[in-house]
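Input: a single structure, listed below in structure tokens.
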Amino acid sequence: MAEQHGHTPHEQADAARALAARRGRRGGLLPAALSRARAGTPADPAQWAPRVGRALGLPAAAGLGPATYFADLAAPHGERHVRVCTATACFATRGGRHLGEVEHELGVSANEADPDGGTSLQTVRCLGYCYAGPAALDGTGPRTGTDLADQLAGRTPPRAPAIPVADATGDPPGSLNHVGGKAAEDHCG
């Protein structure tokens with residue numbers, strides 16, 4: 001049998017069995033436990049993540065490492081957690097003003113929580129609403145549009161258009177069925 005990436009099929013099967021054996025062990029419970037702990041506090045991960053690791057019978061570093069590496073765990077979370085996109089498309093729609101407007105409306109600076117832990121604001125790089133930006137997630141609810149700050153303040157209704165799944169031809173985006181407005185078979189002869 002052929003080797004893949006320098007490993008024989010037998011070695012690959014052993015690795016797959018080893019990974020499968022880890023499923024359900026304490027380390028596999030860590031991501032959900034870290035997420036639950038983060039949701040309950042605006043504090044810095046150094047104050048809560050080591051306890052999560054130790055509670056699972058793991059070293060403190062097993063909790064602190066991922067909690068400081070993954071942005072969503074590292075960012076302070078208030079009872080209301082808002083993620084606002086600052087990537088290119090969202091930035092361009094308002095010339096970057098949307099972040100300052102959201103900070104003003106929520107009364108909290110980016111990547112911080114307010115003193116009572118009621119509201120937190122996290123900047124993120126993309127939420128997938130590039131076509132309708134600027135965009136934010138208020139908890140798990142998407143918000144989009146040039147009136148983003150007003151939506152988050154409750155002055156206008158939340159708005160999040162559906163993600164487009166077809167182009168003007170009716171075919172899925174990226175489809176090779178139409179090229180330059182003509183059917184692909186018209187280009188092939």
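The values are calculated or read from the model by the stated rules, or taken from the named source; none is laboratory data. None of these values were measured; they are calculated from a predicted model. Every residue, glycine among them, receives a Cβ derived from its backbone with ideal geometry; neighbour counts consider all protein chains shown. Surface accessibility is based on the protein's heavy atoms, side chains included, excluding ligands, DNA and RNA. Shrake-Rupley method; radii C 1.70, N 1.55, O 1.52, S 1.80 Å.
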Inset, instruction - Compute, for R159, the solvent-accessible surface of its heavy atoms (probe 1.4 Å) with the complete set of protein chains present, and express it in square angstrom to the nearest 10. - result: 100
Inset, instruction - Return the distance in nm (one decimal) between the two label points of a simple spin-label model at H104 and R51, each offset 7 Å from Cα along Cα→Cβ. - result: 3.9
Inset, instruction - Report the extension gain between A60 and R36 in nm, rounded to one decimal, defined as 0.36 nm multiplied by the number of residues separating them, less their alpha carbon distance. - result: 7.0 nm
Inset, instruction - Would you grab the residues whose amide H sits under 5 Å from the one on E112? Only those 5+ places off in sequence or on another chain, please, with H modelled 1.01 Å from N. - result: L121
Legend entry - Two-site label geometry, R125 and A153: point separation in nm, points 7 Å out along Cα→Cβ: 3.1
Inset, instruction - Considering Cα pairs under 8 angstrom that are at least six residues apart, work out the relative contact order of region 48-138 and quote it in whole percent. - result: 31
Legend entry - Part-to-part distance (alpha-carbon centres) for region 92-143 and region 26-65, which is given in Å: 26
Legend entry - Largest-first ordering by accessible area, 1.4 Å probe, given options Y131, Y69: Y69, Y131
Inset, instruction - Order D138, D116, most accessible first, counting only protein heavy atoms with a 1.4 angstrom probe. - result: D116, D138
Inset, instruction - Report E101's accessible area, 1.4 Å probe, all protein chains in place, as a number in Å² to the nearest 10. - result: 60
Legend entry - 12 Å beta-carbon shell around A71, net charge (K/R +1, D/E -1): +2
Inset, instruction - Enter the accessible area of V108 (Å², nearest 10), with the probe set to 1.4 Å and all protein chains included. - result: 10
